[in-house]
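A short worksheet on the structure shown next.
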Amino acid sequence: MDTQQTIKQQVTGNPVVLYMKGTPQAPQCGFSQLAVQVLRACGVNEFFSVNVLENPEIRQGIKEFANWPTIPQLYVSGEFIGGSDIVREMYESGELQKLLTEKLGMQAS
């Protein structure tokens, strides 16, 4: 399976996917840490994460997949949501909670 197929399978096969530097337990950059904190603030404690530092093909491939140059990248129900700034702004405005509720049937927190 090529890198783009792997990414597509990860994104469509999991309700919430975060491509990040490090892991949710040990983020290795502030932007990734912010994305994890926002997800947890929304009540998303379980999500599929990919540490791009461990896989250079995925690290480059995800940038091409979304046509988005930076990491982290958040996907919900197969849809690219954005990077840490967009995720933070959506959280602050309540949009992210609404999106998670609509897409995943979560209770808004």
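All of the numbers you see were taken from the coordinates with simple rules; none came from a lab. Only a predicted model underlies this, so the values are computations on that prediction, with no experimental measurement involved. Cβ: placed from backbone, ideal geometry, glycine included. Neighbour counts: every protein chain shown.
Quick notes on this one:
- The stretch 3-104 - share of DSSP beta bridges that are antiparallel (%, nearest 5): 65
- Farthest toward positive dipole pole in the stretch 11-89 [+1 Lys/Arg, -1 Asp/Glu at C-beta], among Pro72, Asn55, Cys29: Cys29
- Only helices enter the 222 nm calculation for the chain: every DSSP H run of n ≥ 4 contributes -39,500 (n - 2.57), and dividing by all residues gives -15000 deg cm²/dmol, rounded to 500.
- Net dipole in debye of the chain [+1 Lys, Arg Cβ; -1 Asp, Glu Cβ; about Cα centre; nearest 20]: 120
- Other residues within the sphere of radius under 13 Å centred on the Cβ of Gln37, judged by their own Cβ, net out at +1 (K and R +1, D and E -1).
- Across the alpha-carbon atoms of the chain, the computed radius of gyration and Dmax are 12.9, 39 angstrom.
- Taking a Cβ cut-off of under 12 Å around Ser77, the surrounding Lys, Arg, Asp and Glu residues balance to a net charge of -1, with basic ones at +1 and acidic ones at -1.
- Highest-MSF residue in the chain out of Pro24, Pro72, Pro56 [GNM, Cα springs under 10 Å]: Pro56
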